[in-house]
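Input: a single structure, listed below in structure tokens.
Bear in mind these aren't lab numbers, they're just calculated from the coordinates by the rules spelled out. Worth saying up front: this structure is predicted, and the values here are computed from it rather than measured. In this analysis, Cβ positions are derived from the backbone assuming ideal geometry, glycine residues included, and neighbour counts consider all displayed protein chains.
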């Protein structure tokens, strides 16, 4: 345990800081602003694993040349309701923002729009893009493939990413429904938390080098580093008894729509390495969709049904000891409302990192530092 | 245990029989042919729970007037890339076939097509409609809401259906990828099998009347009949530890796209009853989508990537004791190939039912009867 400082900062100031750091790395102003917004929106929603904690990795990617600061992003193919974008190895967020914007415009004109992206990088939290669709009267969809961590059912080694699925639909008086889920039982970060706390993990989260379920998070994380085998289990756990083959199927589905349909790299080829094990540029694929609600029925009717559905779920009789039934996106909506007003408190480790970036790039960071006790 | 007779029959003959029974109930010839095909394709693929075993229920529905034999199916709204169909309380299959056909046509013209259906009934196995898309160079998608059986995370009573998600994409030399999965851990039928065999079910499949996980299948089934509470658990099981909230989120997602977007009934209102508990006509909602592959990239390239992805998965090192890694749809593809050539053997109970229908409606059934031992 050590006493460290935590940064307390307004969301707008944090966004400006992150954008300025990216601009200092040569990223165009508009692209930097989008990327920073995707990061800070994750922090606001309480998805800290995908927030400004990632800024250092993007800076490193730009530094090493694995990511291009000024990519030549192009629309490779386009039909009235679809498009394929080549992100040319730039940051994932600007290309994804463009793709989702195109999907929404197509949906506004024709009812539906679907756009895929290839040659891309990490695109932030999957829910960001569906949330863009809500403001334009659409249901939004986003998926991406990702770094290999997840074992197919009955396989010993990881071959798939945690491949998230995100879908958002607006409510009326209720908050929007925002499903944003990895198709693995848990993300790698969860194992890191348990490992730091020296807690054993539930059987059903991960497998050891032989592919057998294990409760030892440290072992799984070491095996990842050493490429020794095993990995995270798909939703439903090991084998087929509790539906692990369905989680595996969903992970493959994301691979098909994000990578196979776009022509990005799939499965274990997403983050390639050269013969000496040195990383080569990534080639991630993303999938975005928008459906215009009033192409199907009047939006007010849709929203009233969403409210009724949510109220039925939340008003249901509860299992003893439970004081609330949640709807997907509610926790994040509450977090966003809270932190938009009161500011974001960044964890000690990431705070130190942001302060270091501030010095390295001569970019001021407009927050206050609190002493905190961090384990 | 009793010795009973099992019907062995060619798929075409079985389809003709099922269609003739539906025609005898007043269903239009084309609609009867579609419905029969959806049923028999399920049997061919080994999904017997959704095969001709359902024919009796459809006949009963038509008999009671809960389903209309000759509905006035209408396209309520249409845009270039979307449509909403009102099935007018008819069989689910003809309206769904129309909806998927429209989605495919729109995708052929514009790249993407999405069609929802309301005022519908059971539509058969979810994978049928995505499979239609494959023959036209599209990725296909289908979802439906369904009878209430599944408990939301932390809720005591069932409020959602087993709400399946089905997506199909063509392979080249490999069979198509066909994910067709309930968003619950298991379907109700699985509990019935365990109950008949007096086996305890794994914790994580279902809950008792208090909403606590149980291993007693008989208790869960009795509670369903008596509306005593509890139900099937979403994928991931009880609570959030193993991802149950994700399965719950997927079930709500299906409800949103199938029912809220179409204006069908949602959650526990899908199969309404009057004040005396007498069933009223159902109002199910379905969701169909098609994405034209060559709107994104040449189909031959897509298929080559699908083959490579499948071969990487199937060729992976296996966990000890496992002799095969599967890709979604492969088992069903093998079953279809086998039974298309050698015919379908219908279980004893369903065989008896089909023979009874044959007598009741004076429709010949062109198969042979084998003695069999059935538990």
Review point. Taking 0.36 nm per intervening residue step and subtracting the Cα-Cα distance, what contour gain separates residue A:8 from residue A:359 on full extension?
Key: 124.6 nm
Review point. How big is the range A:186-232 by Rg and Dmax over its Cα atoms, in Å?
Key: 9.2, 25
Study note, to complete from the structure: With the label set 7 Å along Cα→Cβ, residue A:189 is separated from its counterparts in the other copies, in nm and shortest first, by 4.0
Check your understanding: When you look at the Cβ of every residue in B:154-163, what mean number of other chain Cβ atoms sits within 10 Å?
Key -> 4
**Study point:** residue A:304 versus residue A:370: modelled label distance in nm, points set 7 Å from Cα along the beta carbon direction
**Key:** 4.4 nm
**Study point:** Range of Cα positions in the range B:60-100 per principal axis (Å), largest first
**Key:** 38, 15, 11
Practice item. Please report A:91, A:253 as a ranked list, fewest other C-beta atoms within 10 angstrom at the top and most at the bottom. Key: A:253, A:91
Revision key, fill the gap. So for the range B:227-274, using the alpha carbon gyration tensor with a ≥ b ≥ c as root eigenvalues (a/c under 1.5 gives rounded; past that, a/b versus b/c decides prolate or oblate), I'd call it oblate
Revision key, fill the gap. Output ordering of B:302-308, A:331-337 (per-residue mean of other Cβ within 10 Å, highest first) is B:302-308, A:331-337
Revision key, fill the gap. Quick note, chain A: a/c under 1.5 would make it rounded; otherwise a/b > b/c is prolate and the rest oblate (a ≥ b ≥ c, C-alpha gyration tensor); here it is rounded
Study note, to complete from the structure: FRET efficiency (residue B:240, residue A:105; Cβ distance; R0 35 Å; to 0.05) is 0.40
Review point. When ranked by the protection proxy of mean other Cβ atoms within 10 Å per residue, highest first, what sequence do the peptides A:215-223, A:192-200, B:261-269 form?
Key: B:261-269, A:215-223, A:192-200
Practice item. Per residue of A:253-263, count partner chain C-beta atoms within 10 Å of its C-beta, then hand back the mean as an integer. Key: 6
Review point. In peptide B:73-82, what is the residue-averaged number of other protein chain Cβ atoms found within 10 Å of each Cβ?
Key: 5
Point to revise | Packing-based exposure ordering (other Cβ within 10 Å, fewest first) of A:224, B:114 | key: A:224, B:114
Review point. Which FRET efficiency, nearest 0.05, do residue A:311 and residue A:280 yield, Cβ-Cβ r, R0 56 Å?
Key: 0.65
Exercise for review: Take the Cα gyration tensor of the protein assembly as shown, multiply each eigenvalue by 5, square-root it, and list the three semi-axes largest first, rounded to whole angstrom.
Suggested key: 44, 27, 26
**Study point:** Among A:69-77, A:169-177, the order from most to least packed when residues are scored by Cβ within 10 Å on average
**Key:** A:169-177, A:69-77
